[in-house]
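The values are calculated or read from the model by the stated rules, or taken from the named source; none is laboratory data. On a predicted model such as this, the values are computed, not experimentally measured, just so you know. All Cβ positions, glycine included, derive from the backbone under ideal geometry; neighbour counts span all protein chains shown.
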Amino acid sequence: MTDNVREITYRDAVREAIREALLADPRVFLMGEDVGRYGGCYAVTKGLLDEFSPDRIRDTPLSESAFVGAGIGAALGGMRPIVEIMTVNFSLLALDQIVNNAATIRHMSGGQFEVPVVIRMATGAGRQLAAQHSHSLEGWYAHIPGLKVVTPATLEDARFMLATALADPNPVLIFEHVMLYNRSGVLSADAGPVDIRSAIVRRPGKHVTLVTYGGTLFKTLNAAETLAKGGVEAEVVDLRVLRPLDAETVLSSVRKTRRAVIVDEGWRSGSLSAEISARIMEEAFWDLDAPVGRVCSAEVPIPYPHHLEEAALPQPAAIVAAAKATLGV
Amino acid sequence: MNDSHSIKPHLTRDHLLGLLHGMIRVRRFEEKCAELYQQEKIRGFMHLYIGEEAIAVGAMQALAPADAVVATYREHGHALARGVAMDGVMAEMYGKAEGCSHGRGGSMHLFDATTRFYGGNAIVGGGLPLAVGLALAEKMQQRDGIAACFFGEGAVAEGEFHESLNLAELWRLPVLFVCENNLYAMGTRLERSESQPDIHIKAQSYNVPAEVVDGMDVVAVEAAARRVCAAIRAGGGPALLECRTYRFRAHSMFDPQLYRDRAEIEDWKHSDPIDRLASWMRETGVLHDTDITAIEAQVDAEITQAVGFAESGRWEPVAELARDVYAGEVAT
């Protein structure tokens, strides 16, 4: 390991980001269920209470609607709150505040008020947590004008998206996939600020575009490796931001490869993957050499047993098969 | 003018005339709105506050400019009493670009940054967590403002009421919760929706000091608001006022009022907050017919001016449709 890189986990990268934000701006505070004494249900916020005051690391009652709404109110009142919700399934208890208030107040007030709140939550399956802790509902939030929705997949994005989100005057939802927390890797010491408006090509290729984000990025990169062994060079696009969608990066890749497969842990029906497929059809139909493919979760509530959970989720083998199907191989 | 931080109302003739003026102003404004609604100048849902004016006018006396106000969709009275300019409110009713929410909100979503008026919230109970957050921001920034939150008794059935009272008390936040108990959540009478219809008791179960006030008596509302606001400002945490009141008009402009008797409405009209204050002032010799004439003339002129302002306002160009969805950007 050289001096300018260091080993870090995704969890620690998120914690560093929160810590940095707390140190940088007295208006920043963190609140959520068990973020303080317990250290966060995924141990992301462990140790922060010791370093910062209970005033800035606020344990909340199990009142998602009240504490998310309080985050919105505090943002209106000049603070820069980071609100943590344990999982996206629990965020449904705060849907009123997120959709009816955070997303609308700027517009309803004619631009007089802004809501610079950041709401972080875990999403996704893979830990055998069954049907009330495992869903991928970020695509729902990406439906809502007024919200920004980001999905850091890499260590760099986990480490630096938060600062950009806090600097953004709009409400930003950050979705952290549960299977990424333990992922470790090297982070360049000179890694720095990232934007929250653009998708990025994580692996260049020329035969097929694989569009994905969040927890399925590494499965997709894994599939691309397998494809490469068979001579298929897949280009992997990490959306990074689900709203506003950077369609141009997707489209320019598809125009080059002429084929696309979308990999999304959300369900297929009425989904983000459907939206991306539609955008490709609308904007790049004449560039396509094959119908757009999709690899999504099976249309079941996520089951508890390991083998069934795995069977329900997008897997590299299915991604490889879908990519090959677009090539007719 | 009374100092908003004073614990007791100073019942001078001028102050009482101010209260009377404030209530008549809201009443006449809304009567004009009802007329304009019939003319289809105002559209959408419109909820009149007529009968309940004593609460907004009374409670606002205890608030300072630095305080934040959160109200519901029945908020014309709160906006006016808070000091949101009537011109902007009327233009908003029309949906004109000169409206206090730039025309984007309408009757249910009046907003005004200058007076810290945070809406205009049309999801029952949805404003309470916002008020808790606004109060949290005050406390964390060591400012001395409080957040006043108005809501109807229907909101008490929502989880957000319970979550918000608990959180506000747990964190000892400076929130004034004002429950405007007009007995009906749209058409459902309180006893038909609450196992415990005494709302102040619910607040007390969260250790939030609460009291019941005659919401048809503007002086009583002001006195109670001043008393509890003083306690809140002194660091006593949140408090709740349950103001018992009655709406004289339908829930909205579409409501045939099948759920209540005409006699009940007429009976409550004997407690009309404007008549009550006026009679009391007359009995004590501080109100003369010329005062009423002057108030009515003043209010009439202001409303005429506001209608003219709204009428001559402009419709926002469709090209600007996507503005204010995101800061400085167009949604994609």
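Do we find a residue being farther than 22 Å from A:Pro152 by Cα, crowded, with 24+ Cβ neighbours inside 10 Å and in contact with an Asp or Glu (Cβ under 7 Å, 6 or more places away or on another chain) anywhere in the stretch A:73-87? Yes, the stretch A:73-87 contains a residue that is farther than 22 Å from A:Pro152 by Cα, crowded, with 24+ Cβ neighbours inside 10 Å and in contact with an Asp or Glu (Cβ under 7 Å, 6 or more places away or on another chain). Can you find a residue in the stretch A:104-115 that is part of a strand (DSSP E or B), surrounded by 21 or more Cβ atoms within 10 Å (Cβ to Cβ) and at pLDDT 95 or above? There is no residue in the stretch A:104-115 that is part of a strand (DSSP E or B), surrounded by 21 or more Cβ atoms within 10 Å (Cβ to Cβ) and at pLDDT 95 or above. With respect to being more than 17 Å from the chain's Cα centre (by Cα), under 24 Å from A:Phe160 (Cα atoms) and part of a helix (DSSP H, G or I), A:Glu282 falls outside the description.
Hey, any hits in the stretch B:190-205 for a residue that's of a type in the set (D, E, K, R), over 17 Å from B:Phe161 (Cβ atoms) and free of Cβ contacts under 8 Å to residues at least 12 places away in the same chain?
Taking the stretch B:190-205 first, the residues of a type in the set (D, E, K, R) are B:191-192, B:194, B:198, B:202.
After this cut, where a residue has to be over 17 Å from B:Phe161 (Cβ atoms) as well, the list is B:191-192.
Of the ones still in play, those that are also free of Cβ contacts under 8 Å to residues at least 12 places away in the same chain are B:191-192.
Yes.
Candidates in the stretch B:155-171 are the residues that are of a type outside the set (Val, Ile, Thr) and buried (at least 24 other Cβ atoms within 10 Å of the Cβ); of these, the one that is farthest from B:His76 (Cα to Cα) is B:Leu167.
The requirement of being in contact with a helix residue (DSSP H, G or I) (Cβ under 9 Å, 6 or more places away or on another chain) and more than 9 Å from chain A (Cβ to nearest Cβ) is satisfied by B:Leu176. Kindly indicate whether any position in the stretch B:24-43 is surrounded by 22 or more Cβ atoms within 10 Å (Cβ to Cβ) and assigned to a loop (DSSP other than H, G, I, E, B). Within the stretch B:24-43 (the criterion being surrounded by 22 or more Cβ atoms within 10 Å (Cβ to Cβ) and assigned to a loop (DSSP other than H, G, I, E, B)), the answer is yes, since at least one residue qualifies.
For A:Ser63, the conditions (1) modelled with pLDDT of 95 or more; (2) surrounded by fewer than 24 Cβ atoms within 10 Å (Cβ to Cβ); (3) under 18 Å from the mean Cα position of the chain (by Cα) are fulfilled apart from (3).
With respect to A:Gly205, is the statement that it is among the small types (Gly, Ala, Ser) and touching a helix residue (DSSP H, G or I) at 6+ places or on another chain (Cβ under 8 Å) true? Working first, answer last.
On the way: among the small types (Gly, Ala, Ser): yes; touching a helix residue (DSSP H, G or I) at 6+ places or on another chain (Cβ under 8 Å): yes.
Yes.
Put simply, of A:Phe113, A:Phe175, A:Phe160 the only residue that is closer than 24 Å to A:Arg19 by Cβ and either in contact with a strand residue (DSSP E or B) (Cβ under 8 Å, 6 or more places away or on another chain) or assigned by TED's automatic domain parsing to the domain that holds A:Leu272 (or both) is A:Phe175.
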